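Engineer: Structure in structure tokens, see below.
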Amino acid sequence: MIKLVDGNHQKKIDFTPTVDTVAGSAVLLGDTVTITSVDIPAGVCGAVNWPNAGAQYSIPNADGVAYALGDPIFVDANNEGVPAGGLGRIGFVSEAALATDTEVRFVHER
């Protein structure tokens, strides 16, 4: 699960999922990765956070990868951080992480 660490949630965009979507999920809208801040039931209009660098989040480190400050970070279908691919780039690393770190902090940007 993706968690807000510092700052405020960002600009909200209406979103109606076709399946139940839990808080902290990455949602791909076109080529932009957005993040849910609350659970949204299937078929119910909710909102996702649009990237604008207004907040710092943490994401599970899926592959045990070391990241340097400023590295791009991507998100996979399990809402975990990966160094490339997945659903798309979710942002840039805001605090260096060791391969043994279970979470990576990032700024949510396109």
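Engineer: Report D for the range 55-108 in µm² per second (integer): Stokes-Einstein, Kirkwood Rh on Cα pairs, 25 °C, 0.890 mPa s.
Structural biologist: For these conditions, the coefficient is 237 µm²/s.
Engineer: Report ³J(HN,Hα) in whole Hz for each residue of the range 56-61, in order, from the Karplus equation J = 6.51 cos²θ - 1.76 cosθ + 1.60 where θ = phi - 60°; Gly and Pro get x.
Structural biologist: Whole-Hz 3J(HN,Hα) from phi for the range 56-61: 10, 10, 10, 9, x, 8.
Engineer: For every other residue with a beta carbon closer than 12 angstrom to the beta carbon of Ser58, add +1 if it is Lys or Arg and -1 if Asp or Glu, then tell me the sum.
Structural biologist: -3
Engineer: When N is the residue count of the chain, what does its C-alpha Rg come to as a fraction of 2.2 N^0.38 Å?
Structural biologist: Rounded to two decimals, the normalised Rg is 0.99.
Engineer: Amide H of Ile73: which non-local residues (sequence gap of 5 or more, or other chain) have their own amide H closer than 5 Å, using H built in the peptide plane?
Structural biologist: Here the answer is Ile90, Gly91, Phe92, Val93, since their amide H atoms fall under 5 Å of that of Ile73.
Engineer: Give the order of Leu28, Leu98 when sorted by the count of other beta carbons within 10 angstrom, beginning with the fewest.
Structural biologist: Least to most surrounded, the residues fall as Leu98, Leu28.
Engineer: Now a separate question. Where does the charge balance sit around Pro83 when Lys and Arg score +1, Asp and Glu -1, over other residues with C-beta under 12 Å from its C-beta?
Structural biologist: Summing Lys/Arg as +1 and Asp/Glu as -1 gives -3.
Engineer: Amide H neighbours of His108 under 5 Å, at least 5 residues apart or on other chains, H built in the peptide plane: list them.
Structural biologist: Ala53, Ala55, Tyr57
Engineer: Let me check I've understood the local charge: for Val5, count other residues with C-beta under 14 angstrom from its C-beta, Lys and Arg +1, Asp and Glu -1. What total comes out?
Structural biologist: Taking every Cβ under 14 Å from that of Val5, the sum is -2.
Engineer: Hey, another quick one. Using Cα pairs under 8 angstrom and six or more residues apart, how large is the relative contact order of the range 1-99, in percent?
Structural biologist: Across the range 1-99, relative contact order equals 28 percent.
Read-outs throughout are calculated quantities, based only on the coordinates presented, and are distinct from any laboratory measurement. Just so we're clear, the structure is a prediction, and the values are computed from it rather than from any experiment. Positions of Cβ are generated from backbone atoms using ideal geometry, with glycine treated the same way; all protein chains shown enter the neighbour counts.
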